[in-house]
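Q: Please find one structure pasted underneath; my questions will follow.
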Amino acid sequence: QVQLVESGGGLVQPGGSLRLSCAASGSGFAVYGMGWYRQAPGKQRQQVALITSSGNTYYAPSVKGRFTISRDNAKNTVYLQMNSLKPDDTGVYYCNAAHPRVPDEYWGQGTQVTVSS
């Protein structure tokens, strides 16, 4: 069992930066692929960034070059550094943990990010 708690959201002006954190409790964090997803009002949840247990990363085209996902297995934490934020980045950001070999997946409660002047 893995519990995920996101933090770091808030209100930021266009062009600004935020860093989201997702702290995991429970066993086996290092083996899980970790991801960030976001859900804008009235829209479906979409994948933003992923990082595998070995550190390989994937980014949605809309955030590539602006966002950076990283993980610290010693701290059981995954981060999302978001730079050059745009109003379209607004939404609730969710942390996800997915086991690479068995159907075992967890979600955090989400943290709100609002990009507005």
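Q: Could you tell me how many of the residues in the stretch 22-35 are outside any strand (DSSP E or B) and among the hydroxyl-bearing types (Ser, Thr, Tyr)?
A: Of the residues in the stretch 22-35, 2 are outside any strand (DSSP E or B) and among the hydroxyl-bearing types (Ser, Thr, Tyr).
Q: Kindly indicate which of THR68, THR114 is more than 10 Å from the chain's Cα centre (by Cα) and polar (S, T, N, Q).
A: None of the others qualify; the one that does is THR114.
Q: Exactly one of these conditions fails for PRO87: (1) open to solvent by 60 Å² or more (accessible area, probe 1.4 Å); (2) out of contact with any strand residue (DSSP E or B) (no Cβ under 7 Å at 6 or more places or on another chain). Give me its number.
A: (2)
Q: Which of the numbered conditions does GLN109 fail, given that it passes all the others? Conditions: (1) within 17 Å of GLY8 (Cβ to Cβ); (2) part of a strand (DSSP E or B); (3) open to solvent by 60 Å² or more (accessible area, probe 1.4 Å).
A: (2)
Q: Would you pick out the residues in the stretch 78-105 that are touching a Gly at 6+ places or on another chain (Cβ under 7 Å) and part of a loop (DSSP other than H, G, I, E, B)?
A: Answer for the stretch 78-105, where residues must be touching a Gly at 6+ places or on another chain (Cβ under 7 Å) and part of a loop (DSSP other than H, G, I, E, B): SER84, LEU85, PRO100.
Q: Any idea which of (1) within 26 Å of GLN1 (Cβ to Cβ); (2) assigned to a loop (DSSP other than H, G, I, E, B); (3) open to solvent by less than 60 Å² (accessible area, probe 1.4 Å) is the one ARG38 doesn't satisfy?
A: For ARG38, the exception is condition (2).
Q: Any residue in the stretch 88-117 that is closer than 13 Å to ARG45 by Cβ sitting within a Cβ distance under 8 Å of a residue that is of a type in the set (Asp, Glu)? List the pairs, counting only those 6 or more apart or interchain.
A: Once the first residue is closer than 13 Å to ARG45 by Cβ and sits in the stretch 88-117, its partners that are of a type in the set (Asp, Glu) give TYR93/GLU6; TYR94/GLU6; CYS95/GLU6; ASN96/GLU105; GLY108/GLU6; GLY110/GLU6.
Q: Give the number of residues within the stretch 97-106 that are under 12 Å from the mean Cα position of the chain (by Cα) and surrounded by fewer than 21 Cβ atoms within 10 Å (Cβ to Cβ).
A: Count: 0.
Q: May I pose another question? State all residues of the stretch 41-77 that are open to solvent by 30 Å² or more (accessible area, probe 1.4 Å) and either of a type in the set (Val, Ile, Thr) or part of a helix (DSSP H, G or I) (or both); if no residue qualifies, say none.
A: Scanning the stretch 41-77 gives THR52, THR57, THR68.
Q: Within the stretch 15-34, work out how many residues are open to solvent by 60 Å² or more (accessible area, probe 1.4 Å) and either acidic (Asp, Glu) or over 21 Å from GLN47 (Cα atoms) (or both).
A: 1
The values are calculated or read from the model by the stated rules, or taken from the named source; none is laboratory data. Source: prediction; values computed, not measured. Glycine also receives a Cβ, built like all others from the backbone with ideal geometry; neighbour counts cover every protein chain displayed. Surface areas here come from the heavy atoms of the whole protein model, side chains and all, with no ligands, DNA or RNA. Shrake-Rupley method; radii C 1.70, N 1.55, O 1.52, S 1.80 Å.
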